[in-house]
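**Student:** Here it is, the structure in full.
The values are calculated or read from the model by the stated rules, or taken from the named source; none is laboratory data. Quick caveat: nothing in here was measured; it's all calculated off a predicted structure. Methodologically, a virtual Cβ is constructed for each residue, glycine included, from the backbone with ideal geometry; neighbour enumeration extends over all protein chains shown. SASA here: full protein model, heavy atoms, side chains in, ligands and nucleic acids out. Shrake-Rupley method; radii C 1.70, N 1.55, O 1.52, S 1.80 Å.
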Amino acid sequence: MKPKLIRTSTVAMSLDLLLKGQLVFLSEYYNVIAVSGKDSHLETVASREGVSTVPVSMSRTISPIKDLVSLIKLYFLFKKEKPLIVHSITPKAGLLTMVAAYFARVPIRVHTFTGLVFPTKSGAMKQLLVIMDKILCKCATNLYPEGEGVKRDLIQHRITTKPLKVIANGNINGIDLEYFNPENVTEIELIKLRTSLGIQETDFVYIFVGRLVADKGINELIAAFVKITKQNINIKLLLVGHLEQELDPISKATLFDIQHNSNIISTGYQDVVRDYITLADAFVLPSYREGFPNVLLQAGAMGLPCIVTNINGCNEIIINNYNGIIIPVKNELTIFDAMQLLMKDELLYHTLQSNARNGIENRFDQQVVWKAILEEYKIITNNVSK
C-alpha cells in the first residue's frame with residue numbers, strides 16, 4: 001500500500017499552475033491528496049493529475065476567525081487521513097498546514113518557501129509576519145527555500161535554526177521544455193493571436209505575465225513604457241494577468257494609462273500563456289519580491305531576453321548580460337534604459353536571445369526537479385523510520 005502524501009496551497013491556482021504534472025508523477029509512489037480552496041482550478045487538478053482533492057477554504061489575508069476555522073478543518077482532515085507526509089506551499093497554507101499537522105502528529109511536515117512577504121513590509125505588520133513564519137518553521141520537520149536568495153533571507157532574519165535545503169537548482173516544479181518551446185507554436189496560431197490583439201509584425205513587443213499589483217513593479221513599468229512610446233511608434237506592452245486592486249493596488253495614474261494608452265494591451269488572466277510569450281520580443285519583470293518566478297523559466301525557454309530586478313529568484317535565473325539584464329528595484333529610469341537598450345542594441349539583443357533557452361534547459365528541466373523532490377521524500381522518510 002502506498003504511503004499517503006497531502007499537498008496544500010492557499011488557493012487551488014497554485015496547485016494547478018505551480019505544480020502542473022508533479023502530482024501525477026508523485027502518485028506513482030504515493031497516495032496523493034491535494035488540498036486548497038474550492039474552485040475550477042481544484043477540479044482541474046483532480047482531472048488532470050488524477051489525484052484526490054479536498055476543499056478547505058483559506059484566506060490569503062490575515063483573518064483570525066476564518067484562519068481558525070481553516071486550521072480546525074485541516075487538523076481533522078489530517079487526523080482522518082493519517083498521512084505520512086504533508087507538504088505545503090504559499091505563506092498562509094504553510095502556517096495553517098504546519099500548525100495543524102503538528103498537533104495532528106503527522107510524522108513528516110514539509111514546507112517550501114516560494115517567497116517571503118515580510119522583507120518588503122515594515123513596522124507592526126513586518127513583525128507579525130516574522131512571528132508567523134517562525135511559528136511555521138517551529139511546527140515543520142523539514143524546510144525547503146525555493147532558491148538561494150530565499151534561504152539567505154531566512155537565515156539573515158533568524159526565522160529558523162533548522163537546516164534549509166534548496167532542491168536541485170531551485171524552483172518547485174522546473175520547466176516543461178517540450179511544451180515551452182517556440183518551435184511548437186505554429187505561425188498560423190501566432191498570426192491569429194497577433195491580429196486579435198492588434199499587434200503589427202513590425203512592432204517590438206514587451207510582455208509582462210503576472211498579477212497587476214504594485215509589488216510586481218507595475219507602476220514603474222507603465223511609467224517607463226509611456227515615456228518610451230513618446231520616442232518610438234512601433235512598440236507594444238502586453239500585460240497578461242489579473243488586475244488586483246484589493247490587496248496591493250496600482251496607482252490611479254497607472255490604471256489610467258493601462259486603460260487608455262493604445263500601445264498597452266491588457267489581456268487579463270490567461271490559462272495558456274505560451275502563445276502570448278511567443279508573440280513578444282522581450283520579457284519584463286520589475287518585481288519588488290519573488291521566490292523563484294516560473295514566468296522567467298517559461299520566457300527563457302521560449303527564447304526571450306528578460307529584464308528583471310535584482311531580487312531573490314530573478315537574479316538566480318537571469319545572469320546579467322548573458323540571458324537578460326538585471327536592474328535595481330523600484331527604479332523607473334533603469335527600466336526605461338534597459339527597455340530602450342534591447343530595442344536599439346541589436347548585437348546585445350541577439351546575444352541575450354541566443355543564450356535564453358540554454359540558460360534555462362541546462363539548469364531547470366522539469367524531470368530533474370521532480371526526481372530530486374522524490375529522492376528528498378525518500379531521504380526524510382528513511383530518517384523518520386530509523
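**Student:** Can you list which of the GluC sites (Glu not before Pro) found in the stretch 153-239 are DSSP loop residues with at most 16 other C-beta atoms within 10 Å?
**Tutor:** Glu178, Glu201
**Student:** Which label marks the calculated value of Cα extents along the principal axes in Å, given the options (1) 205, 76, 34; (2) 57, 49, 44; (3) 64, 45, 35?
**Tutor:** Label (3) holds the value from this structure.
**Student:** Would you calculate, for the chain, the mean residue ellipticity at 222 nm contributed by helices, counting each DSSP H stretch of 4 or more residues as -39,500 (n - 2.57) and dividing by all residues, to the nearest 500?
**Tutor:** Values: 15 runs with 171 residues, N = 386.
-13500 deg cm²/dmol, from helical runs alone.
**Student:** Averaged per residue, what accessible area in Å² does the chain show with a 1.4 Å probe, protein chains only?
**Tutor:** 45
**Student:** Could you tell me the ratio Rg/Rh of the stretch 25-157? Both radii from Cα atoms, Rh via Kirkwood.
**Tutor:** 0.97
**Student:** List the chymotrypsin sites (Phe, Trp or Tyr not before Pro) in the stretch 1-51 that DSSP assigns to loop (not H, G, I, E or B) and whose Cβ has at most 16 other Cβ atoms within 10 Å. Which are they? Walk me through the numbers before you get to the answer.
**Tutor:** Numbers: sites: Phe25, Tyr29, Tyr30; in loops: Tyr29, Tyr30.
Taking the stretch 1-51 and a limit of 16 other Cβ atoms within 10 Å, the loop chymotrypsin sites (Phe, Trp or Tyr not before Pro) found are Tyr29.
**Student:** Something else about it: Given a Förster distance of 56 angstrom, what is the FRET efficiency for Leu374 paired with Ile233, based on the Cβ-Cβ distance and rounded to 0.05? Each step should come with its number before you reach the end.
**Tutor:** Numbers: r = 52 Å, r/R0 = 0.93.
For R0 = 56 Å, the calculated efficiency reads 0.60.
**Student:** Obtain the nm distance between the two label points defined at Lys344 and Glu28 by a simple spin-label model: each point lies 7 Å from its Cα along the Cα-to-C-beta direction.
**Tutor:** 5.2
**Student:** Once you sort the root eigenvalues of the Cα gyration tensor of the stretch 153-300 as a ≥ b ≥ c, which label holds: rounded (a/c under 1.5), prolate (a/b larger than b/c) or oblate (the other case)?
**Tutor:** Cα axes put the stretch 153-300 in the oblate bin.
**Student:** Let me ask another. Give me the one-decimal nm value for the distance between modelled label points at Thr61 and Leu247, 7 Å along each residue's Cα-to-Cβ direction.
**Tutor:** The two pseudo-label positions are separated by 1.1 nm.
**Student:** Find out how many positive minus negative residues lie around Glu148, taking Lys and Arg as positive, Asp and Glu as negative, among other residues whose Cβ is under 12 Å from that of Glu148.
**Tutor:** Local net charge: 0.
**Student:** Then there is this: When ranked by the protection proxy of mean other Cβ atoms within 10 Å per residue, highest first, what sequence do the peptides 356-363, 311-318 form? Each step should come with its number before you reach the end.
**Tutor:** Numbers: 356-363: 18.2, 311-318: 24.8.
Ranked from most to least packed, the peptides come out as 311-318, 356-363.
**Student:** Carbon and sulfur: what percent of the stretch 105-231's accessible surface (1.4 Å probe)?
**Tutor:** Carbon and sulfur: 52 percent of the exposed surface of the stretch 105-231.
**Student:** Computing the accessible area with a 1.4 Å probe over protein heavy atoms, can you report the carbon and sulfur percentage for the stretch 293-386?
**Tutor:** That fraction is 51 percent.
**Student:** What does the charge count near Ile175 come to, summing +1 for each Lys or Arg and -1 for each Asp or Glu among other residues with Cβ under 13 Å from its Cβ?
**Tutor:** 0
**Student:** Each label point is 7 Å from the Cα along the Cα-to-Cβ direction; what then is the distance between the points at Glu189 and Thr120, in nm?
**Tutor:** 3.1
**Student:** Counting Lys and Arg as +1 and Asp and Glu as -1, what is the net charge of the other residues whose Cβ lies under 10 Å from the Cβ of Thr44?
**Tutor:** -3
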